[in-house]
Amino acid sequence: MLGIKSLSFSEIQKKIERKRIMFDLSKSQKAFAEAVQLLPGGVNSPARAFGAVGGNPIFIDHAEGVRLFDVDGNEYIDYVGSWGPMILGHGHPYVTQALEKVLHSGTSFGAPTLWESELAKIVIDAVESVEMVRFVNSGTEATMSAIRLARGATGRDKIVKFAGNYHGHVDSLLVAAGSAAATFSVPNSPGVTEGTSRDTVILAYNDVPGLLSLFEKCGSEIAAVIFEPVVGNMGCVIMSPEFCDALTFVQKTYGTLLICDEVMTGFRVAYAGAQSLLGLRPDITTFGKIIGGGLPVGAYGGRRDIMQNILPAGKVYQAGTLSGNPLAMTAGIATLKTLREMNPYPYLERLGTQLVDGVLSAAKKHRIPLCANRVGAMMTFFFQDGPVTDWETAARSDTARFAEYFWKMIHQGVYFPCSQFEALFLSAAHTEDDISRTVAAAEKAFTEIVNK
């Protein structure tokens with residue numbers, strides 16, 4: 001982050017222009033043609049499919065720091081970061097060295113290890129609301145397990161979720177979802193039965209009257225409210241203070257459990273998570289992404305009396321062969337220890353401000369409607385005037401213009417999420433020069449959009 005020579009605006013523009021001349025995706029095109037014969041849609045997650053922006057996905061060969069390199073040799077400044085986990089950048093030496101060391105010990109034993117306890121201690125020490133934790137293998141598995149735990153602990157059936165909040169591809173939660181489901185305008189997935197989703201109630205995010213009205217009618221029947229404290233899959237949308245207060249009110253008044261989904265925000269917007277910024281104390285919190293340092297991982301944790309309901313301490317069943325495996329635990333330990341020691345959050349706040357201010361200024365200069373929501377190193381640029389406070393307002397964005405902007409940035413070596421309804425992420429490996437290059441690319445993209 002130090003010792004980087006700052007380039008002038010004209011020098012940056014010349015570098016961008018050279019990159020555009022050299023840009024080629026022929027090998028990616030060939031790789032995708034083969035992949036569609038082998039994988040449904042050619043991908044293993046719809047978020048990678050480029051369906052919202054047109055064209056075919058780019059195949060990545062390797063990454064270093066904040067640079068992605070595709071199979072054609074093109075180089076990009078990465079603002080996806082594997083959809084959030086790479087807060088230290090790709091291939092951070094502390095993480096890779098720790099993984100190389102543990103490889104000689106074994107990759108999975110199906111038995112308890114000290115690595116599990118060490119990572120559990122770090123998470124519990126960091127997040128005030130978490131007294132015990134159970135590791136799983138994905139964010140989806142974490143939210144699915146948290147829902148089952150909430151129902152088992154309360155003896156109630158109904159769950160409340162909010163439109164545009166995405167909690168993984170859990171049957172009972174894949175209703176009015178964000179993420180790829182929002183991108184493709186498929187709020188209810190085929191294969192999700194009426195019986196599975198019957199006890200899931202959908203409300204609008206940040207709608208205080210709607211939340212309180214529901215609880216007045218049937219609060220004693222609701223096991224839990226699951227929510228993202230900062231939403232990432234209808235774009236970055238921030239919880240209002242009033243909505244935060246309303247959640248705490250129903251928690252205390254009706255005995256309903258709050259499940260705070262910090263799979264994306266945990267250790268991302270703050271070391272202690274978004275709940276520390278909002279003053280929330282949820283009963284259960286779900287984690288993923290950063291706590292595995294880029295390896296497959298998930299976790300759910302919370303109050304001791306609630307967590308003790310999980311088998312074998314209690315009767316709520318949940319198990320997993322690879323849960324707590326040495327590789328994921330080691331990568332998580334190395335990542336969280338590094339975050340704790342280096343405290344990159346003030347630096348990320350400064351870079352985030354620089355990026356948002358620069359891009360919004362460029363859009364305003366060209367009279368392109370654009371607004372932004374940001375919390376620390378997590379943000380979204382919405383192609384509309386805003387404000388964006390829920391799924392209904394997010395959906396007003398100009399997705400066609402976003403797609404045009406996305407490809408213009410790709411051709412200038414800037415890799416943004418391939419959907420208007422996804423958040424982009426900064427890492428501690430980004431530099432002020434990276435931000436300046438990105439703002440210069442946005443300026444050129446906006447110029448071409450208005451002059452086409």
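Ranked from largest to smallest solvent-accessible area, with a 1.4 Å probe on the protein heavy atoms, Tyr254, Tyr345, Tyr76 come out as Tyr254, Tyr345, Tyr76.
Each of Trp407 and Glu448 was given a label point 7 Å from its Cα along the Cα-to-Cβ line. The distance between the two points is 1.0 nm.
For the stretch 156-303, relative contact order (Cα pairs under 8 Å, six or more residues apart, normalised by length) works out to 20 percent. Classified by the C-alpha gyration tensor, the stretch 25-117 has a prolate form. Its axis ratio a/c, with a ≥ b ≥ c, is 1.5 or above, and a/b is larger than b/c. For the pairs Lys252/Lys315; Lys289/Lys452; Lys289/Lys444; Lys121/Lys217; Lys27/Lys408; Lys161/Lys315, flag any whose C-alpha to C-alpha distance is greater than 31 Å. Pairs exceeding 31 Å: Lys289/Lys452; Lys289/Lys444; Lys121/Lys217. At full extension, Glu118 and Leu39 could sit 24.7 nm farther apart than now, given 0.36 nm per residue minus the alpha carbon distance.
Across the chain, the relative contact order, built from alpha-carbon pairs under 8 Å that are at least six residues apart, equals 23 percent. Label the stretch 85-168 by shape, choosing from rounded, prolate and oblate, from the square roots a ≥ b ≥ c of the eigenvalues of the Cα gyration tensor; if a/c is under 1.5 it is rounded, and otherwise prolate applies when a/b is larger than b/c, oblate when it is not. Prolate shape, in that a/c is at least 1.5 and a/b is the bigger ratio.
Calculate, in nm to one decimal, what Leu103 and Arg281 gain on full extension: separation in residues at 0.36 nm each, minus their alpha carbon distance. Before the final figure, lay out each step's value.
Details: separation 178, 0.36 × 178 = 64.08 nm, distance 3.74 nm.
Extra length available between Leu103 and Arg281 comes to 60.3 nm.
Of the beta bridges DSSP finds with both residues in the chain, what % are antiparallel, to the nearest 5? Kindly include the intermediate steps, with their values, before the conclusion.
Numbers: 28 of 46 bridges.
Beta bridges within the chain, antiparallel portion: roughly 60 percent.
A P(r) calculated from all alpha carbon pairs of the stretch 356-452, with 10 Å bins opening at zero, reads 15, 54, 29, 2 percent. In order along the stretch 229-241, the Karplus-derived 3J(HN,Hα) couplings, from 6.51 cos²θ - 1.76 cosθ + 1.60 at θ = phi - 60°, round to x, 10, 6, x, 10, 10, x, 6, 10, 9, 5, 6, x Hz, and Gly and Pro are given as x. In sequence order, the stretch 99-115 has phi-based couplings of 5, 4, 5, 6, 4, 6, 8, x, 9, 6, 10, x, 8, x, 9, 5, 4 Hz under the Karplus curve 6.51 cos²θ - 1.76 cosθ + 1.60, θ = phi - 60°, and Gly or Pro positions carry x. Rolling a 1.4 Å probe over the protein heavy atoms gives the chain an accessible area of 42 Å² per residue.
The modelled label-to-label distance between Asp171 and Thr248, using points 7 Å beyond Cα along the C-beta direction, is 3.7 nm. Rolling a 1.4 Å probe over the protein heavy atoms leaves Leu277 with an accessible area of roughly 100 Å². Each peptide in 114-121, 410-417 was scored by the mean count of other Cβ atoms within 10 Å over its residues; highest first, the order is 410-417, 114-121. Rounded, prolate or oblate: which one fits the chain, using the alpha carbon gyration tensor with axes a ≥ b ≥ c (rounded when a/c is under 1.5, else prolate when a/b beats b/c, else oblate)? Prolate. Just the protein heavy atoms count here, and of the accessible area of the chain at 1.4 Å, carbon and sulfur take up 53 percent.
Of the listed peptides 435-445, 46-56, what is their order by residue-averaged count of other C-beta atoms within 10 Å, with the highest listed first? Kindly include the intermediate steps, with their values, before the conclusion.
On the way: 435-445: 22.9, 46-56: 18.3.
In descending order of packing, they fall as 435-445, 46-56.
With each label modelled as a point 7 angstrom along the Cα→C-beta vector, the Glu128-Asp24 pair spans 5.7 nm.
Rounded to the nearest 10 degrees, the inclination of helix 345-365 to the longest alpha-carbon principal axis of the chain is 50 degrees. Short-range pairs are left out: with C-alpha atoms under 8 Å and at least six residues apart, the relative contact order of the stretch 287-378 is 26 percent.
The values are calculated or read from the model by the stated rules, or taken from the named source; none is laboratory data. Predicted model, so just to flag it, every value in this text is computed and none were measured. Virtual Cβ from ideal backbone geometry, glycine too; neighbours counted across all protein chains shown. The accessibility values were calculated without ligands, DNA or RNA, using every heavy atom of the protein model including side chains. Shrake-Rupley method; radii C 1.70, N 1.55, O 1.52, S 1.80 Å.
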